[in-house]
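Nothing in this text is a laboratory measurement; each read-out follows from the coordinates by a stated rule. Treat the numbers as computed from the prediction; the structure is a model and nothing was measured.
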Amino acid sequence: MIRIASALILVLLAWPAMAWDGSDSSNCNGVEIEKGQTVRRGREVEFYDHGAGSFRTIDVDSVRRSGSGVEIEGTDSDGNAVTLDMDGSGE
């Protein structure tokens with residue numbers, strides 16, 4: 001019983017730290033959008049680029065379902081087109 005309670009506590013503590021996982025289609029780097037960000041056309045979204053080892057931002061141009069995932073198209077601060085292929089619908 002204590003093990004079950006301990007496992008449940010660990011899951012609940014980790015829940016707020018969850019992120020939306022995906023990849024940058026231009027370079028296949030893994031990316032994460034942190035919980036709490038609103039991903040919508042016209043909004044700026046910050047994501048962590050595992051390949052670059054740093055955070056990046058894009059201005060979202062479109063968000064659409066693609067199979068079982070979501071495709072986010074945007075423009076980064078250098079004016080480059082960025083397409084993020086995200087798993088599922090996020091959390």
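Shape descriptor for segment 16-84: Rg over Rh equals 0.92 (Cα atoms; Rh from the Kirkwood inverse mean 1/r).
Using only Cα atoms, locate the centre of segment 27-43 and the centre of segment 48-91, then give the distance between them in Å, rounded to an integer. Computed from Cα coordinates, the inter-centre distance equals 5 Å.
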